[in-house]
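The structure under discussion appears below in the form of structure tokens.
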Amino acid sequence: MALNLRQKQTECITRMLNLNQPVNAGATANEEVYKILIYDRFCQDILSPLIHVKDLRKHGVTLYFLIDKDRKPVHDVPAVYFVQPTHPNVQRIVADASKSLYDSFHLNFSSSIPRPLLEDLASGTINSDSIERISKVHDQYLEFVTLEDNLFSLAYKNCYLQLNDPSAGDKEIEEIIEKIVSGLFCVLATLAVVPIIRCPRGGPAEMVASLLDQRLRDHLLAKNNLFSEGGNFTSSFQRPILCLFDRNFELSVAIQHDFRYRPLVHDVLGLRLNRLSVQGEKGGMKSFELDRSDPFWVANWSLEFPEVAVEIEAQLNKYKKDVEEVNKRTGGNSGAEFDGTDLVGNTKHLMNAVNSLPELTERKQIIDKHTNIATALLGEIKERSLDSYAKKENDMMVRGVIDRSDLIGALKGKGTKVDKLRFAIMYLISTESLPQSEVEMIESALRESEVDTTAFQYVKKIKSLNISLASANSASRSNIVDWAEKLYGQSISAVTAGVKNLLSSDHQLALSRTVEALMEGKPNPEIDSYIIFDPRAPKSSSGMSSSHLKGPFKEAIVFMIGGGNYVEYGSLQELANRQQPVKHVIYGTTEILTGGEFIEQLAQLGQKMGLGTSVATPAH
């Protein structure tokens with residue numbers, strides 16, 4: 001059975017809402033208990049894409065509140081707490097229990113609660129004589145946000161910035177790696193799988209892989225571990241592969257403009273937790289939800305924008321035709337006398353019409369929603385020439401060159417300051433060697449448009465470091481690496497690993513190509529140097545290349561450290577569906593970023609290195 005992260009996480013949350021009692025086939029508890037739900041902001045984001053208000057009602061949740069809000073006592077009712085294991089949250093729970101706000105407290109922590117906090121909880125409730133109100137304490141291992149069946153985020157903000165910060169010491173880097181490993185452990189615990197782990201050598205990916213391998217090994221030693229249900233599969237065909245990458249593996253994807261529906265909606269309209277707001281016809285803001293319950297979204301998210309507009313038109317015409325058909329059937333034959341013998345037929349037509357109304361109404365709502373979204377997108381596309389940016393960037397990545405007049409035309413033409421900056425950085429990344437005169441020309445064109453060039457300077461600096469690394473001979477190379485690592489933290493992993501990490505002519509991303517090679521498990525020079533970890537194998541043999549660790553694999557979990565996006569997610573889903581038989585790929589990242597948000601982190605890194613101007617780059 002294919003791994004379905006959304007379904008698994010929803011099942012865990014449903015069980016939690018039913019006081020951790022087993023739920024029946026209808027996803028409700030056998031005995032209905034009315035209760036109150038208390039959550040913090042992080043756990044609110046976990047719940048938001050999975051559980052709607054009507055679902056809460058179905059599970060007996062009558063009231064729900066944020067933990068930091070003032071709340072009145074509600075007697076004779078149990079309260080379900082779903083919060084992160086932090087000191088302020090534990091203090092608040094103790095305060096709530098001491099005030100006897102609720103009859104009983106069912107505490108659910110999003111990840112494993114550290115022992116010192118558990119002791120604080122125990123001593124606090126004993127001192128306030130309220131320990132009998134605490135019914136149960138559960139570690140839920142749910143500290144990640146699932147947006148679709150195969151898409152998750154750890155919602156870890158500014159991870160790229162923190163990992164590449166030149167002033168970050170070993171302790172800070174270790175804390176970041178620890179936080180990422182904790183989130184990934186929660187994902188694997190929810191799926192109940194122990195994967196084979198693969199990653200490139202060096203940098204954050206190897207650090208995460210190594211610590212995750214250790215964490216899984218330690219956990220598997222326990223008799224009642226979270227993975228015992230999964231069975232001890234030795235065949236790799238039954239175990240998934242977890243591929244870890246660092247954002248610097250393919251920097252361009254985080255910056256480029258894309259013209260497909262889903263990446264465009266995210267990048268331009270700010271899709272967050274499957275929701276977005278656009279300007280309505282009458283001036284007010286309209287809020288929409290885009291998830292798998294919307295058939296148009298599911299069917300068309302990978303299409304280019306013009307094709308989506310055509311599809312909306314086609315759906316509207318089909319809807320009008322169906323409405324006409326219903327009217328024709330129920331209106332009787334105009335001018336004909338009423339024929340008593342056809343009474344049964346007429347009644348049947350009316351019944352059919354009544355039954356088809358809800359479906360027609362729903363179709364109309366979906367068409368209206370996407371018309372609104374497409375109109376908002378079209379306005380932005382025209383105003384900012386987004387189609388032109390996407391096409392030119394694509395050409396640059398495929399051919400590695402662009403006509404100088406096209407380049408300057410784009411930098412002096414339409415588009416926001418961030419659009420121009422992204423375009424300039426894409427040019428920098430896609431061109432193997434740039435003459436200094438050309439770089440200066442780009443910088444002056446950016447300054448003319450009053451664009452803050454700090455992010456551009458940062459990528460230029462990293463690129464020149466990589467080139468000097470590549471050209472240095474092996475003896476002096478280690479010195480440069482030592483010096484660069486001291487000066488630039490983790491940034492030294494290849495920002496521009498030459499043409500192989502750029503888009504190939506069939507638009508397949510380097511990430512997708514590498515994942516395909518890792519899943520196939522055949523010898524391949526691009527991945528032969530990748531490290532292998534098998535947490536189920538004896539420690540001595542880990543990292544060895546025994547045949548079952550090489551694949552082929554039916555299922556993969558791909559995780560991008562430092563920020564991911566819908567372009568990569570779409571590319572991996574296309575890869576999975578293209579395989580015969582169809583394979584299964586889950587994509588996760590520390591946070592899902594728009595191009596503008598990622599540029600902001602690059603600009604802040606540039607400032608920390610004393611590059612460029614001091615004005616921060618706005619997101620849009």
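The values are calculated or read from the model by the stated rules, or taken from the named source; none is laboratory data. This is a predicted model, so every value here is computed, not measured. Using ideal geometry, Cβ is built from the backbone for each residue, glycine included, and neighbour counts are taken over all protein chains shown. Just the protein is used for accessible areas: all its heavy atoms, side chains included, with ligands, DNA and RNA removed. Shrake-Rupley method; radii C 1.70, N 1.55, O 1.52, S 1.80 Å.
Remarks
- Protein heavy-atom surface of segment 5-141, 1.4 angstrom probe: 52% of the accessible area is carbon and sulfur, with nucleic acids and ligands not counted.
- Descending by average beta-carbon neighbour count within 10 Å, the peptides 41-48, 456-463 line up as 456-463, 41-48, the highest first.
- Checked against a 19 Å cut-off, the cross-linked pairs Lys8/Lys157; Lys414/Lys460; Lys392/Lys414; Lys282/Lys318; Lys414/Lys461; Lys320/Lys382 give Cα-Cα distances beyond that limit for Lys8/Lys157; Lys414/Lys460; Lys282/Lys318; Lys414/Lys461; Lys320/Lys382.
- log₁₀ of I(q)/I(0) at q = 0.23, 0.26 Å⁻¹ - segment 400-460, Debye sum with one point per alpha carbon: -0.93, -1.22
- Taking Cα centre as origin and charging only the Cβ of basic (Lys, Arg, +1) and acidic (Asp, Glu, -1) residues, the dipole magnitude of segment 400-460 rounds to 180 debye.
- Averaged over its residues, segment 400-460 has an accessible area of 38 Å² per residue, based on protein heavy atoms and a 1.4 Å probe.
- The lysines whose alpha-carbon is closer than 18 Å to the alpha-carbon of Lys72, local same-chain residues fewer than 8 away aside, are Lys35, Lys99.
- Counting only aspartates and glutamates at least 8 places from Lys364 when in the same chain, those with an alpha carbon closer than 19 Å to its own are Glu281, Glu289, Asp291, Asp294, Glu311, Glu313, Asp322, Glu324, Glu325.
- Per residue, the accessible area of segment 167-233 comes to 45 Å² when a 1.4 Å probe rolls over the protein heavy atoms.
- Take each peptide in 63-75, 208-220, 591-603, count the other Cβ atoms within 10 Å of every residue, and average; sorted highest first, the result is 591-603, 208-220, 63-75.
- Per residue, in Å², the accessible surface of segment 5-141 once ligands and nucleic acids are set aside, probe 1.4 Å: 48
- Share of carbon and sulfur in the accessible heavy-atom surface of segment 400-460 [1.4 Å probe, %]: 48
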